[in-house]
Structure formats: C-alpha cells, structure tokens
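Below is one structure, written out as structure tokens; the observations come after it.
The values are calculated or read from the model by the stated rules, or taken from the named source; none is laboratory data. Source: prediction; values computed, not measured. Every residue, glycine among them, receives a Cβ derived from its backbone with ideal geometry; neighbour counts consider all protein chains shown. Quick note on the areas: whole protein, heavy atoms, side chains included, nothing else; ligands and nucleic acids left out. Shrake-Rupley method; radii C 1.70, N 1.55, O 1.52, S 1.80 Å.
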Amino acid sequence: MAMFTDQLRQVLRRLGRAPLFTAVTLLTLAIGVGANTVIFSVIEGVLLKPLPYPHPEQLIGVWHTAPGINIKDLNMSPSIYFIDREQNTTLEDIGVYDGDSFDVTGAGEPEHVRGLDVTDGTLPLLGVVPAIGRLFTRSDDSPGAQATVLLSYGYWQKKFGGDRSVIGRSITVDGKPRQIIGVLPQGFHFLDWQDAAIVAPFQWDRSKVKLGNFSQRALARMKPGVTVEQTSADMGRLLPIVWRSFPAPEGFSVSLFEKARIAPNLRPLKQDVVGDIGKVLWVLMGSIALVLLVACANVANLLLVRVEGRRQELAIRSALGAGWGRIAGELLFESIALGVAGSLIGLALAYATLRVLVAAAPTGLPRIHEIGIDPLVLLFTLGLALFTSLLIGSIPVIKYAGASLNSGLREGGRALSQSRERHRARKALVIVQVSLALVLLICSGLMIRTFRALMHVSPGFDSPDTIQTFRFYIPDTQIADKDRDRVVQMQQAILDKLSSIPGVSSAAFTTAVPLDGYDSNDILYAQDHMQNEGELPPIRRFKFVSPGEFATLGTKLLAGRDLTWTDIYQKRPVAIISENFAREYWHNANGAIGKRIRVASTDDWREIIGVAQDVHDNGVDQSAPSTVYWPIMQDNYEGQKQMFRRGVAFIIRSPRAGSHAFIDEVQRQVWSVNPDVPLAEMTTVGTLYTKSMARTSFTLVMLSVAGGMALLLGIIGIYGVISYSVSQRTREIGIRMALGAQRPALTALFVRQGLLLTGIGLACGLVVAFVTMRLMSSLLFNVSPVDPLTYISITVCVMATAYLACYLPARRAATVDPVNALRAE
C-alpha cells in the first residue's frame, strides 16, 4: 500500500505539472467512455434487460399470419381467444388487450384520458398486484355484469388525491357510471404503452361473437417447460375448431377464413415490446465504439509525446538497474490513473445525459423508463476504464520500456533530430484515426442522404404544420343508435362552427388522419375482377370521411369528384379510391371512374366516383397503402344495415394551427355545440409527420455526432504529428534554408507528409466502409450502402480538412529563421 500511495503521488505530481495535457487527455477519454456508457445503458435497458414481470421468459405475444391475404402479422380475434383459452394444453392463461380512450365527465370540466381494454386474465399474467382494491375477475369481464374500472396510480393521485376510500365509488366514463374496484401499483407500466389512466374489461358476449374482427392484441404465459414451438403447434390445432365453433359475419363465409390460411405466429413478448429498434441501437453502439478507439489513439499519441520527453530519464534509470517490468509498470500505472479518472468523469457525463434522455422520452425508443445506471452498466464502465487504460498505455510501454532505451543515452544530445523509427507508432495511430473517422462519416453521410430522400417523398398532403387535428366522440348516452342522422348532424354543426373561426380555410372530419396510427383494413371485391378458386382479393385500407377531407389535407383528386353532403344523407352507394388501387386494377385513375366495389356479399355495390392521390399513412419510408374512402354514413355495409361513426378526427387548415390561442378558440366552438364531450389528441399533422421521422432523425443525429467527434480527434492527431515533427526538426529546417531551400518547398514537404498519412488512412477506411456499410442497409431509404456520391464527397471533405491540419504547422516551419535555428541547436 505504501508503494501504491507513493506511486500515485508521483503520478499526480507529474500530471499536475502538465495541466493542459491532463485536461485534454481526461476530456477526450471522458467523452469517449461517457458516450459508450450512454449507448450501452440504452441497449441494456431496451434489449438486454428482461421484462419487469415474473418469469418473463414464459411470456409470449400471440399473433397470427395469413399468407392467403399476404398478412405477416395478424392480430387476435375474440373467437380465437375464446377457443384458445378454453381448449389449449400448453398455456397457463391467455389475455387480450387493446388501446382505448375515455371521456370522464360529471366532475368539473370534461376530461379525455388514455385508456386500456383488457380481458380478466391479462393483468394477472404480468404479475400485477393492485396498490389497493382488486383486479378484474371473470364476472367483471362477463356481459351484463356491473361496469367496473381500474385506475392507474398517477390518475388516482391526480383525480382523487390518493383517497383510499375511492374503492367502491362510481366515476362517469363515456357517459356511463362505472365502479372503481382497484388502483394499479405505483410505477407499473403496461408493456411499452403510454400509461393509461383507466383500465376497463372487454365484457365480450361469447354467444354473439362471430369470426373475424382481428383488432386486438394478445399475450400468454406458457406452462413451465413448454417451448414456443409446442405452443404454436397446440394453437394451430385449435384453429379449425374456431372455424367450426363460430358463425361467419353476415355477407362472409367460413371458407374466406380457410382460404386466408391463418396460422399462429408466436414470439417472445419482449419482441413485441422492443420491436425492431435493436438494429439501430447496435449500429449506434458500433459507431460510438469506433469513437472510443479514435479517442484512445489520440490519447496514446499524447502519451507517446509525453514519454518521448522522458526518454533520457528512462534511459538513465534503465542504465542504473531499473528493470523492464518496473519501468513498464510505472508507465501503465499512469495510463491506468488517466483511464480510471477519465472513465469516472465519463460516467458522470453519462448519468447527466441519461437523465436528459429519459426526460425527453424520444419517440420510437421503447422501455424508456427502464434505462439508467445499474450494476451491469457500472461493470461495463469499469471494463471500459481498464480497456482504455491498457490500450493507451501499452503502446508507450512497448515503445520505450524495452532495450531501445539504451539508445537514448547513445543518441544523447538535443542536437540530433528525431529518427523515423521514433515517428512510426504515432503515424500508425493517425492512420487508424483517419480510417475510423471516414467510416463513421460515411455512415452519417448515408443517413443524411436517407433523410433527404425521405423529405423528397410526397406524403400525399400539403403543409402539415398548418393542419390542426383532434378527436371527438359522441356517446350513445347523448344520442341513441336509432338517431344516427343526429350524430352526423352534430358533427356537421361542429364543422360549421370550426369553419367560421378567423383564418380557417377549410375543415372536415375522418376516422383516420395520416400517420396517426388509426387504421382499418379488410378485403375488397371489385365487380369486374373475379378471383381464382381458393384466392382472396388483396387487403385495402379503409377510411370514412366527410366532404372536404381531401381539400383540407391538400390531397389531390386525380379524377372524378369529391363526396357531397347529399351523398352522405341520402346514403348513396359511392366511394373514392387511391391512385395505386386504380392503377392496380384499371391501369389509370380515369379508368376506375364508374367501376363498382364492395366488401361483403350482402353489401350494395358502390360506384367509384373519384380517385385521390396516394397518402403515405404509415410513414414516407413505407409504401402508400391501397385505400378506399367511404362516406361517413352508409346503409348495407359489411353486413350492417346501418353504419355510422361516433368517434371521428376533425382536421382544420389554418396558419394558426398549433397555437394556444387557436386551440382555445377551437375548444370554445366545439363546446358551443356539445359542452359535455372533451377534445382528445389535439395535435397537428406536422407533429405526426415529425414523429414518423423520429427514428431516422435520431439515428442521423447520433451518427453525425459520432462522425464529427471522430473527425475532430483525427484532425487533431494529424495536426499534432506534423506540429511535433516540425518542432523536432528545427535544426534540419534551418540547415535546409541556409543551403537555399525555399519556403514553399519546405511547406510542401510537411504537407506531403501529413497527406500521405491521410491518404493511407482513407484507403483503409474505404475498404472497411465497403465491407461494413451493408449492415446499415435496413436503415437506409432509396440509398445504396455503397452510394458513390456519399463516398466521394466524404473522402474529399476529409482530405480537405486534413490538408488544413497539415498546412498550418507546415507554414510555421517555413517561417523559421535559419540563424536562430542553428544557434538554438
């Protein structure tokens, strides 16, 4: 311990005498280690950490696939749920869930809150223990039972102040009283969904369930020792029983479901939670790891210079009997001290960065609440500290702790210039830095090209920042189903009020706004297109719209006309389709006008009266879905004699969209028609568009930062090598100038030296980039992983930047006074 203390005191004294070296070294290491700790914390919290439920390895997401209609991931349906729950042999239980939202009234201003619908087994499968009260039972989930709800812990605190007597009291939800039976535990998060304020049971009536309605998600817990393959076989065995146990919806047949070739598609529940973010995170981890290597190369260069200054000291100590092990140990001890100190600073930076990251909660990053500094992250940081310490210390040890120290005494005088051999290690490190920086910059360049390609895709609507949208639901407690015309009349009255707001150019309503995640899909028959035996028509996206929806969004009508209010109230059998649907069946937009389509065999054939521009509802990086726009109110649709929509999204075009004053005015106008219903999901289409680009933007920013850091460190390394070379060759420069060498020639000499290192580094980097960039292909859009424009432009930029880094110290060499240089030597 005494030796350790003495050695540490000497290291601290030496570092204190070189404050600039110490500060630069610690900052470089802190940035590299901190960035790696942040990304690893995200990867550990998102990908590596098990789900926070009991025995998470037994939990699976229950999906299906339907190759007959080209659907890879098909949701759960009530009919399959009942048979799976009743007759499976491999599951402890299965639960169904779906997102929802509720209007809470009767206690102050109407309030719209996020909700969750579940079957009675869903929450127990996750091991949920209520903070107070109880969870749902089968009786709660039975049709005709008293309406009950669970509250989230946060909503309980906000709405009721944490009053424990809330159990048994009623709350008015969507116009109906529901009994509060329990409060979910504090800190509970359902999968990776936004926290729901209210949870309600489905209360499906098994006797009224029909085939179809694949609209919910499901999870299950396998029995101990059961594999996913065994469970899949068991659930596949049950599907024919489902087709025999429930009737098909009116206008459809059981053969339709058989032709779809539906089969189980089970997966670990963690995959449902995480999604495909893993590819992005591992690419970022690799990128930040390269930054750390560049930082280590930079610090190793600094240490080489520092140890070079102690060369005579180390040679004398070696001559006096100090062994290789002792000298190497001292050099490594200093590098370990720097590595540990830099890592501790990096850990502090990572902690602060993670606090900001979690608070910002970037869109598209799952399990955000589980990201933080935990023991595994601390162990990772400790490993980084040791790795960086050994990496930055090994090169000086190999270079100067061996027999070559004896040459230091023979070279002796300060009149001798540095040998080429003593420059070799620093040059090799610079080549590595340039290579890694080029790889990272090409990564960020490809993401910039991807972002630009996405920005140039026409989304199917114009000026999204000027389109305000919100959702509005009229409950049946206000207007009964038999008075459906009154529902549409109220929606139209609200539309008229919104249109009267100053600055509003148009307004409409629809069931789904582009990019909002609300979608309805089904097969669709065209009268003049017959399917082959055993074949089903393709799936289409369905939307229900009011007149003016296309004009408000800025979606062009390429042929035909828009809907009218006469079409709506007279229930005319008409429809509008998207351009890609028209081209697929009738080759062009005009060819589709007058053709007829329907969903169920009992439906009326509906005439296509218009063809609209394609809209990228799933994001501009995805193909625009083939879409049908139905009138908001119809007769004889999908087996229903009467169809209308209580819940719609209003869209309003105005330059004031998004401002608080405009939102307040919108709310006043809506409440002047119906003061008992709150406005929900108030946002702009521009915000939805930005969120749809969030993953690409996040990846672009992170890769650009990594590339920028690597380039900066690489250029500093080049500058340091040339600068140090100039300082060590002052006498040589003086002799050359005394013998008649011209200043431009001397400048060119050192610039060539730096550019040679850069050129070698660029060549190596290009080879590495060609090999590794294919790993990023899944993150790119309309850009090749070997895009020549990106490779050439990045290479030229790095070469130009390196030229400046070489020119500045080289120019200083040309200003050396030969008389002073020779006198100094």
Q. Is it true that some residue in region 592-603 is modelled with pLDDT of 95 or more and part of a helix (DSSP H, G or I)?
A. yes
**Q.** In region 37-73, residue farthest from I288 (Cα to Cα) [restricted to those that are modelled with pLDDT of 90 or more and of a type in the set (S, T, N, Q)]
**A.** T65
Q: Being open to solvent by 20 Å² or more (accessible area, probe 1.4 Å) and closer than 12 Å to V166 by Cβ is the filter here, so list the residues in region 132-152 that pass it.
A: G133
Q. In region 597-617, what count of residues is obtained for those that are touching a helix residue (DSSP H, G or I) at 6+ places or on another chain (Cβ under 7 Å) and more than 18 Å from P631 (Cβ to Cβ)?
A. 2
Q: Answer with yes or no whether I608 is hydrophobic (A, V, I, L, M, F, W, C), over 25 Å from T690 (Cβ atoms) and either open to solvent by less than 10 Å² (accessible area, probe 1.4 Å) or outside any loop (DSSP other than H, G, I, E, B) (or both).
A: yes
Q: Take the residues in region 335-377 that are open to solvent by 30 Å² or more (accessible area, probe 1.4 Å), of a type in the set (V, I, T) and not in a helix (DSSP H, G or I), then tell me which one is modelled with the highest pLDDT.
A: I373
(Q) Going residue by residue through region 545-556, is there one that turns out to be under 39 Å from the mean Cα position of the chain (by Cα), modelled with pLDDT under 95 and outside any loop (DSSP other than H, G, I, E, B)? (A) no
Q. Which residues, taken from region 167-179, are free of Cβ contacts under 8 Å to residues at least 12 places away in the same chain and either aliphatic (A, V, I, L, M) or touching a Pro at 6+ places or on another chain (Cβ under 8 Å) (or both)?
A. S170
(Q) Where the second residue is open to solvent by less than 30 Å² (accessible area, probe 1.4 Å) and assigned to a loop (DSSP other than H, G, I, E, B) and the first is touching a residue at least 60 places away in the same chain (Cβ under 8 Å) and hydroxyl-bearing (S, T, Y) and lies in region 111-140, which pairs have Cβ atoms under 6 Å and are six or more apart or on separate chains? (A) T119/D141
Q | Answer residue from region 59-84, given it is farther than 17 Å from D234 by Cβ and under 24 Å from the mean Cα position of the chain (by Cα) and is least open to solvent (accessible area, probe 1.4 Å) among those | A | L74
Q | Count of region 154-196 residues which are open to solvent by 50 Å² or more (accessible area, probe 1.4 Å) and touching a Phe, Trp or Tyr at 6+ places or on another chain (Cβ under 7 Å) | A | 1
**Q.** Search result, residues across region 511-542 that are open to solvent by less than 20 Å² (accessible area, probe 1.4 Å), modelled with pLDDT of 90 or more, assigned to a loop (DSSP other than H, G, I, E, B) and over 13 Å from D617 (Cα atoms)
**A.** L524
Q) Taking the condition touching a Ser or Thr at 6+ places or on another chain (Cβ under 8 Å), open to solvent by less than 40 Å² (accessible area, probe 1.4 Å) and under 24 Å from A480 (Cα atoms), does V209 pass? A) yes
Q.
Which count do you get for residues in region 647-699 that are open to solvent by 30 Å² or more (accessible area, probe 1.4 Å), under 30 Å from L284 (Cβ atoms), touching a helix residue (DSSP H, G or I) at 6+ places or on another chain (Cβ under 8 Å) and not in a helix (DSSP H, G or I)?
A. 0
**Q.** Tabulated pairs, region 482-507, first farther than 19 Å from Y569 by Cβ and open to solvent by 80 Å² or more (accessible area, probe 1.4 Å), second outside any helix (DSSP H, G or I) and among the polar types (S, T, N, Q), C-beta under 7 angstrom, 6+ apart or interchain
**A.** S505/S654
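How many residues are in a helix (DSSP H, G or I) and in contact with a Phe, Trp or Tyr (Cβ under 8 Å, 6 or more places away or on another chain) if we restrict to region 477-510?
9
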**Q.** Any strands (runs of 3 or more DSSP E) falling wholly within region 33-137 and containing at least 2 residues that are among the polar types (S, T, N, Q)
**A.** 91-105
Q.
Yes or no: region 794-814 includes at least one residue that is of a type outside the set (A, V, I, L, M), in a helix (DSSP H, G or I), open to solvent by 30 Å² or more (accessible area, probe 1.4 Å) and at pLDDT below 80.
A. yes
Q: Go through region 245-263 and count every residue that is closer than 18 Å to N75 by Cα and either open to solvent by less than 30 Å² (accessible area, probe 1.4 Å) or not in a helix (DSSP H, G or I) (or both).
A: 9
Q) Out of region 212-244, which residues are small (G, A, S), buried (at least 17 other Cβ atoms within 10 Å of the Cβ) and within 25 Å of S142 (Cα to Cα)? A) G212, A218, A220
(Q) Here are the criteria: (1) part of a strand (DSSP E or B); (2) within 20 Å of D103 (Cβ to Cβ). Tell me which single one G182 does not satisfy. (A) (2)
**Q.** Lone qualifier among G610, G591 - being in contact (Cβ under 8 Å) with a residue 12 or more places away in the chain and in contact with a Phe, Trp or Tyr (Cβ under 9 Å, 6 or more places away or on another chain)
**A.** G610
Q.
For region 754-789, which positions are closer than 11 Å to I442 by Cβ, surrounded by 17 or more Cβ atoms within 10 Å (Cβ to Cβ) and either among the aromatic types (F, W, Y) or modelled with pLDDT under 85 (or both)?
A. M773, M776
Q: Could you check, for region 150-166, whether at least one of its residues is free of Cβ contacts under 8 Å to residues at least 60 places away in the same chain, assigned to a strand (DSSP E or B), within 27 Å of P54 (Cα to Cα) and under 34 Å from the mean Cα position of the chain (by Cα)?
A: yes
**Q.** Filter result (farther than 25 Å from L26 by Cβ, in contact (Cβ under 8 Å) with a residue 40 or more places away in the chain and small (G, A, S)) within region 323-379
**A.** G364
Q: Determine whether region 12-21 contains at least one residue that is in contact (Cβ under 8 Å) with a residue 60 or more places away in the chain and open to solvent by less than 10 Å² (accessible area, probe 1.4 Å).
A: no
